[in-house]
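So the structure is just underneath, and the comments pick up after that.
The values are calculated or read from the model by the stated rules, or taken from the named source; none is laboratory data. What you see is a predicted model; the values in this text were computed from it and never measured. Here Cβ is always computed from backbone atoms with ideal geometry, including for glycine, and neighbour counts include all displayed protein chains.
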Amino acid sequence: MSFRNRSLAARAAQFVCAFAASACVVIAGAPAAQAAERHKAPAVKKQAVVVKAAPRKVAARLVPSRKVVAAGRVSQTFAAGRKTSAPMRVAFVPSRPSYGQLAGLHASNDPLDLKSSVAFVIDQDTNEVLLSKNDGAVLPIASITKLMTGTLISEAKLPMDEMITITQDDVDTEKGSSSRLIVGTTLSRGEMLHLALMSSENRAAHALGRTYPGGLTTFVTLMNAKARQLGMVDTHYVEPTGLSSRNQASARDLATLVNAAYQDPLLRELTTSPNYRVDIGRRTLQYNNTNRLVHNPSWDIGLQKTGFINEAGQCLVMQARIAGRKLIMVFLDSAGKLSRVADAERVRRWVESSSAAAASSALAGRDTNG
């Protein structure tokens with residue numbers, strides 16, 4: 001390698017190291033309570049830096065090209081001053097750990113090898129606890145929040161045909177999430193409730209709270225009052241969508257909420273609706289349920305709600321009939337997008353096999369006694 005190329009390679013490596021040092025930060029694990037204080041400055045875990053070899057003939061000056069940000073992935077391409085066939089590329093993948101990860105909850109073991117750091121399964125009729133894993137941990141609950149939002153709207157007996165318009169106040173400034181309900185969209189309260197519960201539409205949920213008699217502040221106060229009334233002692237709400245990581249609860253509290261919401265036929269219907277269409281001007285928008293198990297005919301689901309923000313991980317609560325039993329299942333802080341569904345399947349197979357074994361044992365006992 002010539003002196004010129006060796007010098008260039010050294011300068012490129014030095015630039016990459018400086019960029020890596022400034023872009024990557026390692027934050028040690030902290031309890032969930034401490035993590036709640038830093039949710040506005042999410043941790044970024046250092047990832048491997050991959051640098052492709054620069055071409056033998058390369059321009060003397062390296063300049064960064066435009067930064068590309070998509071789906072949480074930030075990549076920076078360093079291209080030569082003139083066009084080259086093999087540009088140097090440095091990629092960083094920020095990893096924002098959930099509060100459960102920061103608290104070390106994923107290190108907990110369970111017999112079913114669940115991927116959720118928190119799980120709670122209870123018989124709805126007998127209150128028998130079938131499975132418990134970190135069920136007392138208080139964590140962000142993401143869009144599971146909307147189950148309480150829907151409970152208050154339904155209980156208030158407000159006119160479901162009253163028209164509500166999305167305003168700038170309903171636009172997410174917490175996470176910057178998008179929505180197909182643009183500012184100015186007008187739908188009925190019933191349609192807004194349907195979209196909020198079935199497809200987790202954030203602007204719809206916020207509009208429901210904003211237009212509640214007394215306004216948003218009153219609505220959030222009532223959310224917390226309802227939680228206390230139900231005995232949800234570890235639950236706290238600050239807004240009606242779940243976008244804020246300050247909306248927090250324990251799995252035991254959420255099981256209580258699911259049981260209460262299940263008593264409402266409207267909530268059962270809307271949360272388990274597979275899909276829904278709304279007409280907006282000359283357009284028709286198709287919305288689908290965020291829980292794929294609702295589309296599975298082998299599942300008998302009475303009520304459900306999903307949720308996700310980075311701080312909460314993937315979440316799922318359900319009421320379902322399995323092996324003749326009405327069960328309430330809560331999964332919080334699941335590690336992957338499909339893991340919450342896989343955990344529900346694991347619990348289902350476990351309950352079904354346990355019931356089959358118990359029935360076989362009982363039958364054998366009768367045969368022996370006979």
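Can you find a residue in region 358-370 that is part of a loop (DSSP other than H, G, I, E, B) and not assigned by TED's automatic domain parsing to the domain that holds Asp123?
Just the residues of region 358-370 that are part of a loop (DSSP other than H, G, I, E, B), to begin with: 370.
Subset that is not assigned by TED's automatic domain parsing to the domain that holds Asp123: 370.
So far as region 358-370 goes, yes, one or more of its residues are part of a loop (DSSP other than H, G, I, E, B) and not assigned by TED's automatic domain parsing to the domain that holds Asp123.
Of all the listed residues (Gly104, Gly72), the sole one being on the phi > 0 side of the Ramachandran plot and modelled with pLDDT under 50 is Gly72.
Please go through region 309-321 and pick out each residue that is assigned to a strand (DSSP E or B) and surrounded by fewer than 20 Cβ atoms within 10 Å (Cβ to Cβ). Give the derivation first.
Let us first name the residues in region 309-321 that are assigned to a strand (DSSP E or B), namely 309, 313-321.
Across region 309-321, the qualifying residue is only Arg321.
Only one of the listed residues (Ala335, Ala356) is modelled with pLDDT under 95 and surrounded by fewer than 12 Cβ atoms within 10 Å (Cβ to Cβ). That residue is Ala356. Candidates are the residues of region 161-171 that are of a type outside the set (Val, Ile, Thr) and outside any helix (DSSP H, G or I); the one that is surrounded by the fewest Cβ atoms within 10 Å (Cβ to Cβ) is Asp161.
Any idea which residue in region 107-135 is surrounded by the fewest Cβ atoms within 10 Å (Cβ to Cβ), counting only those that are touching a Ser or Thr at 6+ places or on another chain (Cβ under 7 Å) and more than 11 Å from Ala251 (Cβ to Cβ)?
Here is the first cut: in region 107-135, the residues touching a Ser or Thr at 6+ places or on another chain (Cβ under 7 Å) are 108, 115-117, 120, 133-135.
Pick out the ones that are also more than 11 Å from Ala251 (Cβ to Cβ) and you get 108, 115.
Details: Ser108: 14, Lys115: 20.
Among residues in region 107-135 that are touching a Ser or Thr at 6+ places or on another chain (Cβ under 7 Å) and more than 11 Å from Ala251 (Cβ to Cβ), the one surrounded by the fewest Cβ atoms within 10 Å (Cβ to Cβ) is Ser108.
Set side by side, the residues Asn202, Asn275, Asn224 differ, and just one is farther than 22 Å from Gly136 by Cβ and surrounded by fewer than 17 Cβ atoms within 10 Å (Cβ to Cβ), which is Asn275. Evaluated against (1) at pLDDT 95 or above; (2) in contact with a Ser or Thr (Cβ under 9 Å, 6 or more places away or on another chain); (3) not in a helix (DSSP H, G or I), Leu193 falls short on exactly one condition, (3).
Here is a yes/no grid of residues against (1) closer than 12 Å to Phe331 by Cβ; (2) part of a helix (DSSP H, G or I):
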| site | (1), (2) |
| --- | --- |
| Asn109 | no, no |
| Asp113 | no, no |
| Val121 | yes, no |
| Asn127 | no, no |
| Leu131 | yes, no |
| Gly136 | no, no |
| Leu147 | no, yes |
| Ile153 | no, yes |
| Pro159 | no, no |
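Checked against (1) at negative phi; (2) free of Cβ contacts under 8 Å to residues at least 40 places away in the same chain, Ala323 meets all criteria but (1). Of all residues in region 137-179, exactly one satisfies the criterion of being touching a Leu at 6+ places or on another chain (Cβ under 6 Å) and more than 28 Å from Arg228 (Cβ to Cβ), namely Ile166.
Of the helices (runs of 4 or more DSSP H) lying entirely inside region 199-294, those carrying at least 1 residues that are among the β-branched types (Val, Ile, Thr) and either in contact (Cβ under 8 Å) with a residue 60 or more places away in the chain or under 29 Å from Val183 (Cβ atoms) (or both) are 215-230, 251-262, 265-271.
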